[in-house]
Amino acid sequence: MNKFDSEALLRALLAASPGVSVHAVRAAHPAFRAMSFDHLGLRIDRALRRSAATGGK
């Protein structure tokens, strides 16, 4: 069974469109739609911080 990798999807969305809105991220996958905006915002912030810390990798 494939496990959904929300972190990888967030990284891909942010790499493809750095100015993507929270609403667009939320619409990208059912797992994101199930999250509150606060929770999703924290996940996006974490992904951005990790990306910045690793030089965008």
What accessible area per residue, rounded to a whole number of Å², is obtained for the chain using a probe radius of 1.4 Å?
71 Å²
Cα axis of helix 6-16 to longest principal axis of the chain: angle in degrees, 0 to 90, nearest 10?
60 degrees
Which percent of the accessible heavy-atom area of the chain goes to carbon and sulfur, probe 1.4 angstrom?
58 percent
Residue 51 versus residue 21: modelled label distance in nm, points set 7 Å from Cα along the beta carbon direction:
1.8 nm
Tally Lys and Arg at +1 and Asp and Glu at -1 over the other residues with C-beta under 15 Å from the C-beta of residue 43: what net charge comes out?
+2
From Cα pairs below 8 angstrom and at least 6 apart in sequence, can you work out the relative contact order of the chain, rounded to a whole percent?
33 percent
Could you state the angle between the C-alpha long axis of helix 37-53 and the longest principal axis of the C-alpha atoms of the chain, as a value from 0 to 90 degrees rounded to the nearest 10?
20 degrees
The chain - charge dipole about Cα centre, Lys and Arg +1 at Cβ, Asp and Glu -1, debye rounded to 20:
100 debye
For the chain, what is the calculated [θ] at 222 nm in deg cm²/dmol (nearest 500), taking -39500 (n - 2.57) for each run of four or more DSSP H residues and dividing by its residue count?
-20000 deg cm²/dmol
Percent of all Cα-Cα pairs per 10 Å bin for the chain, counting from 0 up to the last occupied bin, reads 23, 59, 18, 0
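The values are calculated or read from the model by the stated rules, or taken from the named source; none is laboratory data. Quick caveat: nothing in here was measured; it's all calculated off a predicted structure. Note that each Cβ is placed from the backbone with ideal geometry, even for glycine, and that neighbours are counted across all protein chains shown. SASA here: full protein model, heavy atoms, side chains in, ligands and nucleic acids out. Shrake-Rupley method; radii C 1.70, N 1.55, O 1.52, S 1.80 Å.
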